[in-house]
Amino acid sequence: MRSITRTSRATAGRRAPQLSAISRARLPFALPPQQTFVRTVTSDHHSSSSPSSHTDHRPRLARASKEHKPHFRKILIANRGEIACRIIRTARKLGVSTVAVFSEADRNCMHVAMADEAYCIGPAPSSESYLKMDKILEVATRTGAEAIHPGYGFLSESTIFAERVQKAGLVLIGPPAEAIRSMGSKRESKEIMTAAGVPCVPGYHGSDQSLSSLKSGAESTGYPLLIKPTHGGGGKGMRIVRSPSDFEEELLSAQREALKSFSNDEVLLERWLERPRHVEVQVFADGQGGCVALWERDCSVQRRHQKIIEEAPAPGLSNELKNDFAQKAVAAAQAVNYVGAGTVEFIMDAATGEYFFMEMNTRLQVEHPVTEMVTGIDLVEWQLSVAAGNPLPLTQAQIPCIGHAFEARIYAERPESNFLPDAGRLLHTRLPINAPHRLETGFQEGDEISSFYDPMISKLIVHGKDRPGALSLLRAALGEYQVVGPSTNIEFLKSVAGHEAFGAGSVETSFVPTYHDDLFPAIVVPRDILIQAGLYLALSARAAHEKLSNGPWAALAHRRFGDISTMSFKLDDRVVVVSPTLDGYQVSIEGEDQVEQVPHTQLVSDTEIESQLVDSRMSSTVVPVRQGHHGGSEKLHIFDSSHHYVITHHPSLYEDSADTAERSSAVGSGTARLTSPMPATVIEVRVELGEEVKEGQVVCVLESMKMEINVRAGRDGVIGDVRVEKGRVVEEGELLISLESKPVPTE
């Protein structure tokens, strides 16, 4: 087993602060131990540097008693990315040494650098690394770790892993295996909840998984219905079915995806509510019988059944309903003798207020930071304390809910392409500077977002004195956040956070499809952005020329004797003309009469430009990304104060754009050339050469990041060429299948 070891925390920590120093300064649990949880609840979190000067509205951990058991000396973190980094930060604060594990693809990732020790456990696929129990347990034993924190995902809800950890003489920082088993099966958990008096969604939860039984269950449940795997979460394998004719195909697809993601293809069927809200309650229990609810979160804004914006507390709930949710969640946890951090999820009818138990996640949730922000409680610290055998430090009556918090998940994905995951190197990142925030991430500029794992880059968290105040901070922080490399959902998140309905608290799981047109407006590049792009290219060309010339005429590089040099740039389908003048520059766009006078403009850095126009001032970040190796076009990523624009710059004003158009059409949905929308693995080819197909028919199934992608025929036709076979790995834009027109019958 290959390994790398970090022997010095000072050395290991140098790389991490690039993405987290700004945020850690504002966290109540990032302060020195004696100042834990001291923070004034105001709209300005910048002032948290001197907590002792404020009134303390937050609970402090109970003082250690004689019976208080010490923390573990060393723990292993069986995870990667932001959650591994999150656990390491709390462990450091408590003086607990950490051991990280990593795949070959993650060798240079942040959690590897942050941990005190780090060991490679296998190749990139999670099935050969992060899901390898033997290797993880071997590292834990070899390094002297006393406990294992599974984070979320991977092995965090594996009954087998929990049992093996215990048999190895180690402690799992999580619930007992029996609780995981009971709640890990959505079918069994619903039976337990019904017995405990917790309402459950009507549907089919039977153990008979034959096609005939499931079809019968679908008929009794009624349409629309939801197919849901009984194990796992994260939206994997979930399908909404609105018609009996679609049931079998969607069922088979859901079962395949569930089997790949959770090694179990068992599913259940539930009645689908047309206006559902996703409300969940954070619970925490100790080994002495104590159990508390840390109030509720709303996670209704989702895509592909996966949360993208979460908030605490849930908006629009009465105190009576909040207390009812909390009591039902505690009853659910106590029904299975739960220990540790868990989340009880409910689905609520937005129209009637009726709610049902959905499932319990027997682990720390991705969205746990919003609960931490409104309660002032470090949930990871509680996990370590309870796992060491200590009672909960607070009673239910001592747990506050102060202010409001939002979390936005930053994903490498393409919202405009039905949120397909993306991958690639982070070429440029810039965190919010002015907006107070907390950022949880496992990546920094230069790191690779791999197609082998979940595409989440980071989580952006804000806290305000109330919902409007917190939402203002979220909008501001998103406006400042810059990422170039893989496509991201940041612009989409801005649209959601800025939507009137979201601001009013009208959150439902159908929010994205309901307001689709508002959330995906037509992108029009403003005139001033085109001007700024032209100025940037002109100044960059001048700067490059000056570097090549050290003579006395270098400062006049933009002039010709007896004339003034004019530069033209083709940006998308527009031509921007930049001409130096004695007083600065003038910029025009071909086809327009208006000429913009620019008295002053300068490159502040290789990617920063400031321009003073006659009646306005602009500051922009411009990140050029070359598309081809030699002489190809480049994408200009331009960030102003609140938006991110992408403009294609063609190197020559007179180039023929036909080739570019052809390349673009080849990677689209097209009707004749069916191509891969992203790097993926072919898991099924459903057609043969010469076969007739109908518009919308699935011809090929791809898998990427544990998600199935159906490739459908864009029109009726005949299969002209099949370039792939099952198991083949394909690149983005690679031709899969070509489609020819049906021959016209002759008389």
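The values are calculated or read from the model by the stated rules, or taken from the named source; none is laboratory data. Since the structure is predicted, the reported quantities are computational estimates derived from the model, not experimental observations. Cβ atoms come from the backbone with ideal geometry, glycine included; neighbour counts cover every protein chain shown. The accessibility values were calculated without ligands, DNA or RNA, using every heavy atom of the protein model including side chains. Shrake-Rupley method; radii C 1.70, N 1.55, O 1.52, S 1.80 Å.
Some observations on this one:
- Accessible area of the stretch 454-507 divided out per residue, in Å², using a probe of 1.4 angstrom: 28 Å²
- Placing a label point 7 Å from the Cα of GLU191 along the Cα-to-Cβ direction, the residues of the stretch 333-365 whose backbone N falls under 16 Å of that point are 336.
- Ordering of 209-215, 409-415 by packing [mean C-beta count within 10 Å, highest first]: 409-415, 209-215
- The modelled label-to-label distance for the pair LEU603/SER741, using points 7 Å beyond Cα in the direction of Cβ, is 5.1 nm.
- Portion, in percent, of the accessible area of the stretch 129-181 that falls on carbon or sulfur, probe 1.4 Å: 52 percent
- Relative protection proxy for 72-81, 516-525, 386-395, from highest mean packing down: 72-81, 386-395, 516-525 (other beta-carbon atoms within 10 angstrom).
- Pairwise centroid distance, computed over Cα atoms, of the stretch 292-328 with the stretch 129-189, Å: 28 Å
- Fraction of accessible area attributable to carbon and sulfur, the stretch 330-468 (%, probe 1.4 Å): 51 percent
- Pairs beyond 32 Å (Cα-Cα), from LYS307/LYS694; LYS186/LYS322; LYS74/LYS322; LYS190/LYS494: LYS307/LYS694; LYS74/LYS322; LYS190/LYS494
- Solvent-accessible area per residue for the stretch 673-715 (1.4 angstrom probe, square angstrom): 41 Å²
- In the context of the full set of protein chains, residues of the stretch 265-392 present 24 Å² of accessible surface per residue (probe radius 1.4 Å, heavy atoms only).
- Mean Cβ count within 10 Å, highest first, over the residues of peptides 236-248, 454-466: 454-466, 236-248
- Maximal additional length on extending the GLU249-LYS726 stretch stands at 169.9 nm, based on 0.36 nm per residue less the C-alpha distance.
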